[in-house]
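The values are calculated or read from the model by the stated rules, or taken from the named source; none is laboratory data. These numbers come from a predicted model, not from an experiment. Heads up, the Cβs are rebuilt from the backbone with ideal geometry, glycines too, and the neighbour counts pull from every protein chain shown.
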Amino acid sequence: QVQLVESGGGLVQPGGSLRLSCEASGSISSINAMGWYRQAPGNERDEVAEIVSGGKTWYADSVKGRFTISRDNAKNTVYLQMNSLKPDDTAVYYCNLVGRFRNYWGKGTLVTVYS
């Protein structure tokens, strides 16, 4: 089994920054990609950013230029640096790992941007 543990969520004012972390542990045979999704109340879970094994990254249009995804392969950890946060960024953020045979999900960390 693979476990994903997110951290770094919290309360922040508009324009502020947060850094989310997600550490993967357990029986990790291979990692094709790791990424972040978010889900606001009443909304679907949407992908925010992804980094594949070769290092290529992808971002949702809504976060381009503000969020940066990075990965420490030695620690099996993925990060999401979030700058210039807006109230619309308020959501539960979930870490996702694309393994050889299936996807894994963390339990989520809440980010609240309030004014």
Check whether at least one residue in the range 89-107 is among the basic types (Lys, Arg), within 22 Å of Val12 (Cα to Cα) and either in contact with a helix residue (DSSP H, G or I) (Cβ under 7 Å, 6 or more places away or on another chain) or without any contact (Cβ under 8 Å) to a residue 40 or more places away in the chain (or both), and report yes or no. no
Q.
So, Thr68, is that one at pLDDT 95 or above, out of contact with any helix residue (DSSP H, G or I) (no Cβ under 6 Å at 6 or more places or on another chain) and closer than 15 Å to Asp46 by Cα or not?
A. no
